[in-house]
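Every read-out reported here was derived from the displayed coordinates using simple, explicitly stated rules and does not represent laboratory data. None of these values were measured; they are calculated from a predicted model. All Cβ positions, even for glycine, are placed from backbone atoms using ideal geometry, and neighbour counts span all protein chains on display.
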């Protein structure tokens, strides 16, 4: 293929240009000499021979040019030449070049960093085969209730039988586990799943095997477990012979059958941390019943893989059909007032759903920053092109076409963009660790952030596009000029009104964009402060909290069996006594939950408020607490009394909070009335003995929920939290607390130890993260807008030098000149602010979901932001204004 | 006619160069002499046409070039036909004869 060969040839010649030219020169020289010799042999005189030869053979330089045309790639040569020249020009004005490159690097770096977040969290599919077929299965009981309810064993088995909906279904049951037999009892994150869990996800183990028939056929929990890579490294020392090793969890013996590869994570929520141990079982022993009961709902959720060819919509329709059939078939287990329904949602969507809007908002903000950066550089280039008019005019006069000049300028801006892009990538590489430090833990995959292929492509693409775009416009503008006036030295007549207007428009656009970002940041900051200042309902200072797990061994003969309520109560009493005895402790308490520790699941309750004989159904958060719980937290008692030691279960008592009293016992005294908790068919009634103040249970920015408290001595649980109020510094007592708990029972694991103030701060992390990020973007944009205004006004002052000199000569005062300049700048700023307010008002509609007690058009925020921008604009105009007053009228008037 | 520079199409010159090199490798001077000889003085090829054509043919892989010594002990670059070049020459020659006979016939017709 001759054409392909010639292309190869040309590319090869590119690299040996000089050699080729030298060779040709030698060849042609030889040719001429040979012709001369031939001429002389034919009888001509020497000079005549040479002249005849040269005439015969034609122009040498022309020949060289035609030759060069054959092997060179014209446009590539021109480009290389432009690039070299451009680099020289840029290096000759280092100030401009540095500012332009830095601005570009900032824009590209920030947007690449955020894009890497978008890519990691939102765009990257789950690392399983066919991740789009994976669904999360949740169950609701009352049609309008937002809270999910667990499911029962028969319901799960029904789902597994729906082969026209699911190819596989596995339960997902996060649990605490207590790993004993090691130096310090370790709390591990365990996950009970169905035996087909790993087959469902389609992941093979790194060592050993996953669950097999042996594990599937056991009625209780099977001995064989699978470890995560991190658990294997941390708790088993990375021992390559770990398969078959036995260990104790909750005093039961388990055996390792496999280890998962590093990077494998359970795609879903866990209790505290990443899953360490997966185990399975037949669900026919504790905590389940021997014969499965349909209304005994314990399993929190399930995941499934859709059957091939079934769309999610079709699957949901079939599930609804199945639910209706099941409700019909088992009327005893499904009351007519309830509508039990399973819901299948895409797994990926469920995982990222919460953070999706925040992340897209972040991306929108960073694109605004990028636009501002581009506008700044474009402005800088426009300004510079005015200074280079003479150079361009000379080139034009020497024969450069307009497209050649435009190409030259575009190459310069692409060079800036390229270097800026590399700088930006470096920035993007270093930003993620900073982002991770600020980010809330609940964002999935965030620890997998990296600058990888798609991010690189994004950065390079953005650099190229922005470089071309924002180089093209100034280049087109700069190449349009008249030769006559511009060739003259010192041609300052340059700025045509249209050019000035274009620059002003650019700067106004920058101000508008900054206004939008600043307003967004201001609103988010306000929301954060509002949330921060919300009264939590208790006194968080000087309180330490932590969690414990009372391990329930399946083997009833095991010592310290916390299966029995008496044993648990005995432990709680002893812990309270010991904790109170620590010097420096004012009060201590135990409870099943502490406030602000995370999301909680509501229980069904029945309020005996006289509305009808069965009572009003509803839901509330239920917590079992010890006697000093409210005193330790500093929660106010509104009516009645709190629990005493006498409330040990003989007469069921309960406390409710003000929200519950309002919702279910409005207009009456709840004390003496009853509240019941529904478990399946049975209702556990308790008499209300008091009303306490509302406490923020999940997070500061959620409204108060109804809560019900029961005494721990009446009903105990296996997962407990302790609260210790100290007189002075809370963290100093942590080791003493641990010591006391271990004295009571050396095998109890203690984890999640924080001060209440830390918990409070952690509950607001996501809000703070967004506010900080957008705030820093806004700060950057403010700086750039200020620079933009400064640049434009400075140029105006320079170009109006004559006019200013004239005015000064005619008697204008310094103040009048300053006012004139300031007015110029403030007019631009006001125009920008005006447009920014309009645009921002629309944009803040997107923010609505993230605001807390802040109206999107909050006048205080908007007003102060506008004032800030005006102040910055005024400051930016100040320096050029001062320079204007220093103009010497004589010099200005004389100058051309 | 000797000094008259007739206009030659690029492609035709390429073909003639290939033909001229059919027998033996030659350097630039020898080649231009041979072309003049073969055309009985009609075609006097200038350097500005010869060397670009030689570059073209070399790029397409129909010629091979090597430095060597001429008869007068001068260092010169010798050009030689490749196998692909020989095939190309045949193809072009047959195309040319078809073309020229067709045009001849058309011109002769009334």
Exercise for the section: Under 1.5 on a/c is rounded, so check that first for the range A:689-735, then, if it is not, pick prolate when a/b is larger than b/c and oblate when it is not; a ≥ b ≥ c are the square roots of the alpha carbon gyration tensor eigenvalues. Expected result: oblate
Fill in the blank from the handout: Rg from C-alpha atoms of the range A:148-230, normalised by the globular rule of thumb 2.2 N^0.38 Å, equals 1.25
Completion exercise
Given all pairs of distinct Cα atoms, the range A:2-72 yields a Kirkwood Rh in Å of 13.8
Problem - Approximate spin-label separation residue A:325-residue A:11, in nm, with each point projected 7 Å along Cα-to-Cβ - result: 6.3
Problem - Contact order normalised by residue count of the range A:569-705, Cα under 8 Å, 6+ apart, percent - result: 27
Practice task
Measure out, as a whole number of angstrom, how far apart the alpha-carbon centroids of the range A:187-220 and the range B:9-87 sit.
Solution key: 79
Handout entry: Sorted peptide list for A:865-871, B:30-36, criterion being average Cβ within 10 angstrom, highest first
Key = B:30-36, A:865-871
Exercise for the section: Work out how far the C-alpha atoms of chain A reach from end to end along every principal axis, then list the three figures in whole Å, largest first. Expected result: 133, 83, 57
Completion exercise
Expected unfolding gain across residue A:727-residue A:62 under the 0.36 nm per residue rule, minus the alpha-carbon gap, is 229.7 nm
Handout entry: Average Cα contact separation per residue, the range A:2-72, under 8 Å, 6 or more apart, as relative contact order %
Key = 38
Practice task
Rounded to the nearest 0.05, what FRET efficiency do residue A:644 and residue A:535 give with R0 = 30 Å and r taken as the Cβ-Cβ distance? Could you check?
Solution key: 0.65
Exercise for the section: Between residue B:73 and residue B:23, take the C-beta separation as r, use R0 = 22 Å, and let me know the FRET efficiency to the nearest 0.05. Expected result: 0.45
Completion exercise
Only helices counted: for chain A, with every DSSP H run of 4 or more residues adding -39500 (n - 2.57) and the sum spread over all residues, [θ] at 222 nm is -17000 deg cm²/dmol
Fill in the blank from the handout: Output field shielding_mean for B:30-43 (other chain Cβ, 10 Å radius) holds 1
Handout entry: Efficiency of FRET from Cβ geometry, residue A:874 and residue A:698, R₀ 51 Å, rounded to 0.05
Key = 0.65
Fill in the blank from the handout: Whole-Å distance linking the alpha carbon centroid of the range A:368-434 with that of the range A:720-796 is 42
Problem - Relative contact order (%) - chain A, alpha-carbon pairs under 8 angstrom, separation at least six - result: 15
Practice task
Quick one: go through the range A:604-626 and flag any residue whose amide nitrogen is under 11 Å from the point 7 Å out along the Cα-to-Cβ line of residue A:685.
Solution key: A:608-609, A:614-615
Exercise for the section: May I ask for the distance between the Cα centers of the range A:92-144 and the range A:579-596, given as a whole number of Å? Expected result: 43
Exercise for the section: Please work out how much length the chain gains when fully extended from residue A:668 to residue A:80, using 0.36 nm per residue of separation minus the C-alpha to C-alpha distance, in nm with one decimal. Expected result: 202.9 nm
Exercise for the section: Could you tell me what percent of the DSSP beta bridges with both partners in chain A are antiparallel, to the nearest 5? Expected result: 80
Exercise for the section: Over the alpha-carbon set of the range A:561-746, divide Rg by the Kirkwood Rh and report the Rg/Rh ratio to two decimals. Expected result: 0.98
